[in-house]
Amino acid sequence: MMTQEIDPTLQTQLEDAARQTGCELIHAEFKGGILRLVLDREGGVDLGHCATVSKQASALLDVAEFDPGRYTLEVSSPGLDRQLYRPSDYARFLGQRVRVTWRDSSMPTKRTVVARLEAFDEAEPVSVGLLEEERGERLQVQINDIQIARLEPEL
């Protein structure tokens with residue numbers, strides 16, 4: 001299934017709707033007839049935040065005539081194993097354990113590690129430093145090569 005682009009003006013309006021509830025819209029995607037909005041907030045996102053943003057987003061989507069077909073709107077928090085979407089997410093979660101899958105031109109296959117997010121380098125190309133604690137291996141991975149990165153909950 002292919003992810004469809006969300007109109008930048010609509011994206012900005014959805015971000016504003018989230019901000020009005022004290023939340024931040026950290027990710028929005030339209031894929032397979034589902035529009036997913038992922039919210040974050042210092043202190044956590046609760047059901048009330050999701051409901052409020054859902055109502056506001058529904059009204060915005062109706063006015064914008066978002067999709068002529070049927071679609072489902074999902075509004076949620078990122079969860080304990082939140083995905084890292086933007087460079088600022090990597091900076092925010094320095095020191096945390098992450099599960100990262102990436103592939104670069106020097107590797108025939110993708111690689112996945114659970115490691116400590118040790119460094120964030122904003123210089124081009126933007127990269128992260130990972131410490132694979134079990135093996136004591138330090139890795140430097142360009143963000144553009146990362147296919148998916150998630151926090152690895154430490155319980």
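With everything on Cα atoms, drop me the angle between helix 8-20 and the longest principal axis of the chain, reported from 0 to 90° to the nearest 10.
90 degrees
Pick from GLU122, GLU65, GLU15 the residue whose mean-square fluctuation is largest in a GNM of the chain, springs joining Cα atoms under 10 Å.
Answer for the Gaussian network model of the chain: GLU65.
Using a cut-off of 12 Å between beta-carbons, work out the net charge of the residues near GLU118 (Lys and Arg +1, Asp and Glu -1, GLU118 not included).
Summing Lys and Arg as +1 and Asp and Glu as -1 gives -1.
Does anyone have the angle between helix 47-63 and the longest principal axis of the chain? Alpha-carbon axes, 0 to 90°, nearest 10?
60 degrees
So what is the calculated 222 nm ellipticity per residue for the chain, using -39500 (n - 2.57) for each DSSP H run with n of 4 or more, over all residues, to the nearest 500 deg cm²/dmol? Numbers along the way, then the final one.
Numbers: 3 runs with 36 residues, N = 155.
Helix-only estimate at 222 nm: -7000 deg cm²/dmol.
For the chain, set up a Gaussian network in which alpha carbons nearer than 10 Å are linked by springs, and say which option among LEU61, LEU25, LEU117 fluctuates the most.
Looking only at LEU61, LEU25, LEU117, the largest GNM fluctuation is found for LEU61.
Given R₀ = 41 Å, FRET efficiency for ARG103-LEU155 by Cβ-Cβ distance, to 0.05?
Numbers: r = 29 Å, r/R0 = 0.72.
Efficiency for this residue pair is about 0.90.
Can you sort HIS27, HIS49 so the residue with the fewest Cβ neighbours within 10 Å comes first? Before the final figure, lay out the partial values.
Working: HIS27 17, HIS49 20.
Final ranking by Cβ density, sparse to dense: HIS27, HIS49.
Normalise the Debye intensity by I(0) for the stretch 1-49, one equal point scatterer per Cα, no solvent, then take log10 at q = 0.15 Å⁻¹ and round to two decimals.
Taken in order of the listed q values, log10 I(q)/I(0) reads -0.42.
Looking at the stretch 38-145 only, what percent of DSSP beta bridges run antiparallel? Nearest 5 please.
95 percent
Calculate the dipole size of the stretch 87-151 relative to its Cα centre from +1 charges on Lys and Arg beta carbons and -1 charges on Asp and Glu beta carbons; express the result in debye to the nearest 20.
Numbers: 10 positive and 11 negative charges, 68 e Å.
It comes to approximately 320 debye.
Most fluctuating residue of SER105, SER77, SER54 in a GNM of the chain with Cα springs under 10 Å: which is it?
SER105
Nearest-5 percent of antiparallel DSSP beta bridges in the stretch 3-76?
Numbers: 9 of 14 bridges.
Around 65 percent antiparallel, to the nearest 5.
Throughout, read-outs are computed from the coordinates displayed, never taken from laboratory work. For clarity, every value in this text was computed on a predicted model and none was experimentally measured. Reconstructed Cβ throughout: ideal geometry from the backbone, glycine too, with neighbour counts over all protein chains shown.
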